[in-house]
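Throughout, read-outs are computed from the coordinates displayed, never taken from laboratory work. Only a predicted model underlies this, so the values are computations on that prediction, with no experimental measurement involved. Here Cβ is always computed from backbone atoms with ideal geometry, including for glycine, and neighbour counts include all displayed protein chains.
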């Protein structure tokens, strides 16, 4: 008899396989597959997205028992919206990382609002692509955040910024290169998809070997050496595929 498993499933580029970005949706084929899996297993939505009505609806359609949002910055029960775990980035860190982005002249956002702070035409273009509202750097007001998103058209600037933040705040924040190297997701060091696996497995009293994570980008890579099986989508990040099974 097959052992019961916990499936951790990413949204964008994975479960949401129709369309792109804010308009991405789940195909009937994917919905059917996950619902079937939920009959004898536990389903967890594990996403970089903020919790929203759309995420809540996906959780209900797939019969997910848990939802982990913003790469594990908070984990909740979608039935009653009870928050089970929450991790934040303190405002002084938000301010420092904002200054680094400003110095590099790249765009900056937090999960607090769909506002993108930057300068010039590049910020306006990125805001349009991501359905954010464009603001100037001077409009930014510092407050605690669950996730920071930094983006640029220039991969070179993103890589430089990634390593600057990684070096300066090693052991304080978690970073992931996403959007094919044009963006950085930053969360509290205890907010990763790998930490989500450990938390839920412990909550459900499951051996980690009976867990499976399915994703497509480098924010899924934190599950390596934690999850029992890491599955990367064929269309996903080359680096993630190197780390998957």
- Measure nothing fancy, just the Cα-based angle from helix 155-168's long axis to the longest principal axis of the chain, in degrees from 0 to 90, nearest 10. 80 degrees
- Query: For the Cα atoms of the chain, what angle does the longest principal axis make with the long axis of helix 193-203, in degrees from 0 to 90, nearest 10?
  - Reply: 40 degrees
- Message: Given contacts defined as C-alpha pairs under 8 Å and at least six residues apart, what's the relative contact order of segment 91-188, whole-number percent?
- Response: 27 percent
- Please grab the % of Cα pairs in segment 91-188 that end up more than 21 Å from each other. 22 percent
- Item | Computed over segment 12-116, Kirkwood Rh from alpha-carbon pairs, angstrom | 15.5 Å
- What ranking of 49, 182 emerges when the number of other C-beta atoms within 10 Å of each C-beta is taken as an exposure proxy, fewest first? 182, 49
- Task: Express the C-alpha Rg of the chain as a ratio against the empirical globular expectation 2.2 N^0.38 Å, rounded to two decimals.
- Result: 0.99
- Query: So, by mean Cβ neighbours within 10 angstrom, what's the order for 58-71, 203-216 with the highest one leading?
  - Reply: 58-71, 203-216
- Message: Sort 153, 88, 75 by Cβ crowding within 10 Å, fewest neighbours at the top.
- Response: 153, 88, 75
- What percent antiparallel are the DSSP beta bridges of the chain, to the nearest 5? 55 percent
- Message: Based on C-alpha coordinates, I'd like the Rg and Dmax of segment 120-245, in Å.
- Response: 16.5, 51
- Task: Give me 197, 35 ranked fewest to most by other Cβ atoms within 10 Å of their Cβ, as a rough exposure proxy.
- Result: 35, 197
- Taking the Cα atoms only, what angle lies between the long axis of helix 91-104 and the longest principal axis of the chain, rounded to 10 degrees? 60 degrees
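What is the chain's relative contact order, in percent, from Cα pairs under 8 angstrom and six or more apart in sequence?
Over the chain, the number comes to 17 percent.
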- Could you tell me what fraction of 2.2 N^0.38 Å the Cα radius of gyration of segment 180-220 comes to, as a two-decimal ratio? 1.37
